[in-house]
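The block underneath contains the structure these notes are about, expressed in structure tokens.
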Amino acid sequence: DVISAATLLLLTLPLTIAVALAVRLTSAGPVFYRQQRVGQHGRIFTVVKFRSMYENAEAKTGPVWASKNDSRITPIGRFMRRTRLDELPQLWNVLKGDMSLVGPRPAYPHELERYELWQKRKLCVQPGNAPGTRVRK
């Protein structure tokens with residue numbers, strides 16, 4: 001994981017810089033978005049992504065699943081989500097040991113209270129972000 005993440009970070013550095021500039025130039029607010037997630041053995045960590053929504057988009061509603069034509073998502077954010085470029089900064093989480101390149105999607109802390117026993121088993125392994133694992137509603 002560490003070698004692959006480091007290699008991918010180096011190879012995607014120009015693209016990462018371009019995406020960061022696009023986020024900065026097209027909407028107000030920070031370039032990165034941070035979320036608390038639950039990792040292996042229930043350890044809380046902060047996952048980092050490129051911000052794809054307008055600043056304070058969830059201030060009124062709290063976290064909710066994005067819909068197809070969600071007005072909270074910026075135009076560049078829509079492109080980043082479609083191409084998964086918003087997830088490039090998660091390679092840092094892989095380098096830090098918070099995540100793996102492949103594994104179950106890391107849960108939100110508030111989701112754990114609703115987990116049944118069989119779902120809690122995924123906390124025994126390191127979370128990842130394999131392509132195709134994003135939940136869409």
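The values are calculated or read from the model by the stated rules, or taken from the named source; none is laboratory data. In this text the structure is predicted, and so the values were computed from the model without any measurement. Note: ideal-geometry Cβ built from the backbone for every residue, glycine included; neighbour counts use all protein chains shown. Ligands, DNA and RNA are excluded from the accessible area calculation, which covers all protein heavy atoms including side chains. Shrake-Rupley method; radii C 1.70, N 1.55, O 1.52, S 1.80 Å.
Just one residue in the set L8, L95 is open to solvent by 30 Å² or more (accessible area, probe 1.4 Å), under 29 Å from Q119 (Cβ atoms) and of a type outside the set (K, R); that residue is L95.
If the condition is being among the basic types (K, R) and surrounded by 14 or more Cβ atoms within 10 Å (Cβ to Cβ), then region 25-42 contributes only R37.
Quick check, is R72 modelled with pLDDT under 90 and open to solvent by 90 Å² or more (accessible area, probe 1.4 Å)? Walk me through how you get there before you give the answer.
Numbers: modelled with pLDDT under 90: yes; open to solvent by 90 Å² or more (accessible area, probe 1.4 Å): no.
Criteria not met by R72.
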